Amino acid sequence: MSKKIQKSSSGMNIPDYQFEAIARCLLPKIQKYYESEEGKKALAEYRTEKAELIQADSKGK
């Protein structure tokens with residue numbers, strides 16, 4: 001009987017279950033950061049910069 005080999009979708013030789021384990025550890029920290037004032041400010045700045053880039057690209061076409 002052959003064993004089913006789980007191929008990683010990352011393109012690396014790291015199994016998906018290991019990425020999922022890391023994500024489970026990091027997600028609460030990322031959520032906490034974006035709920036903080038610093039995180040909210042950083043996200044607002046990112047969104048503004050992204051919108052400006054999109055607007056500049058659409059004018060350039």
| task | Within region 8-19, identify whether any single residue is open to solvent by 100 Å² or more (accessible area, probe 1.4 Å), part of a helix (DSSP H, G or I), at pLDDT 85 or above and out of contact with any Pro (no Cβ under 6 Å at 6 or more places or on another chain), and answer yes or no. | result | yes
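Looking only at region 28-61, count how many residues are open to solvent by 90 Å² or more (accessible area, probe 1.4 Å) and either of a type outside the set (Val, Ile, Thr) or in contact with a Leu (Cβ under 8 Å, 6 or more places away or on another chain) (or both).
Quick first cut of region 28-61, residues open to solvent by 90 Å² or more (accessible area, probe 1.4 Å) only: 29, 31-32, 34-35, 37-38, 40-41, 45-47, 49-50, 52-55, 57, 59, 61.
Those still in the list that are either of a type outside the set (Val, Ile, Thr) or in contact with a Leu (Cβ under 8 Å, 6 or more places away or on another chain) (or both) too: 29, 31-32, 34-35, 37-38, 40-41, 45-47, 49-50, 52-53, 55, 57, 59, 61.
Number satisfying all stated conditions: 20.
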| task | Starting from region 20-36, keep only residues that are without any contact (Cβ under 8 Å) to a residue 60 or more places away in the chain, then list their pairs with residues that are open to solvent by 100 Å² or more (accessible area, probe 1.4 Å) and assigned to a helix (DSSP H, G or I) whose Cβ atoms are within a distance under 8 Å, requiring at least 6 positions of separation or different chains. | result | 34/40
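The values are calculated or read from the model by the stated rules, or taken from the named source; none is laboratory data. Quantities reported herein were computed from a predicted structural model and do not represent experimental measurements. Backbone-built Cβ (ideal geometry, glycine too); neighbour counts: all protein chains shown. Only protein heavy atoms, including side chains, enter the accessible area calculation; ligands, DNA and RNA are left aside. Shrake-Rupley method; radii C 1.70, N 1.55, O 1.52, S 1.80 Å.
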